[in-house]
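The numbers here are math on the coordinates, done by the rules we state, and not lab data. Everything quoted here is computed from the prediction, not taken from an experiment. Neighbour counts are summed over all protein chains in view; Cβ atoms, including those assigned to glycine, are modelled from backbone coordinates with ideal geometry.
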Amino acid sequence: MVEHMSDCLFCRIASGELPSTPVAESELAFAFRDAAPQAPVHVLVIPKAHVTSAHTVSDVDAHVVGELVLLAQRVAAIEGIDGEDRGYRLVMNVGADANMSVPHLHLHVLGGRALGWPPG
Ligand code: DGP
């Protein structure tokens, strides 16, 4: 049984209550296109059960972070950015200084063009 929070935007997307453009899913994670893409490929990978942020991950839900990375690998393959000559960036924002705007753990999968570094 997946625990959703009724007032959480990404819980409502994960449950299908709110629409999204899905890319892939696994038992524990869901991937969908970011509504404000910052790169040609910009997909968000989220746990289906609520976790607030990378900073609140505990022993109980630490395995979920690995699930997010595994699903991100599949997203990269689906999007065709996993080749040796391509690549992608995985980002988890935490808190105000990092511009975290949705308090439900999410992994940004960014790619499809050369990404600058440092990110700014
Ligand atoms: P962050 O800044 O790390 O909290 O990223 C949140 C991202 O979520 C941001 O890139 C825009 C995206 N986003 C916000 N609301 C929605 C929504 O309702 N649907 C989708 N698909 N993406 C959203």
Anything in the range 29-62 that is in contact with a helix residue (DSSP H, G or I) (Cβ under 9 Å, 6 or more places away or on another chain), within 14 Å of the ligand (Cβ to nearest atom) and not in a strand (DSSP E or B)? List them, or say none. Val51, Ala54
What number goes with the only condition from (1) loosely packed, with under 11 Cβ neighbours inside 10 Å; (2) small (Gly, Ala, Ser); (3) not in a loop (DSSP other than H, G, I, E, B) that Ser6 does not pass? (3)
Can you run down the residue pairs with Cβ atoms below 7 Å, 6 or more apart or on separate chains, where the first is in the range 20-47 and of a type in the set (A, V, I, L, M) and the partner is in a loop (DSSP other than H, G, I, E, B) and crowded, with 19+ Cβ neighbours inside 10 Å? Leu28/Lys48; Ala29/Lys48; Val41/Ile81; Leu44/His106; Val45/His106; Ile46/His104; Ile46/Leu105; Ile46/His106
Restricting to the range 70-120, what's the tally of residues that are within 16 Å of the ligand (Cβ to nearest atom) and within 16 Å of the chain's Cα centre (by Cα)? 26
Quick check: is even one residue across the range 14-28 within 14 Å of the ligand (Cβ to nearest atom), more than 25 Å from Leu115 (Cβ to Cβ), of a type in the set (A, V, I, L, M, F, W, C) and not in a loop (DSSP other than H, G, I, E, B)? yes
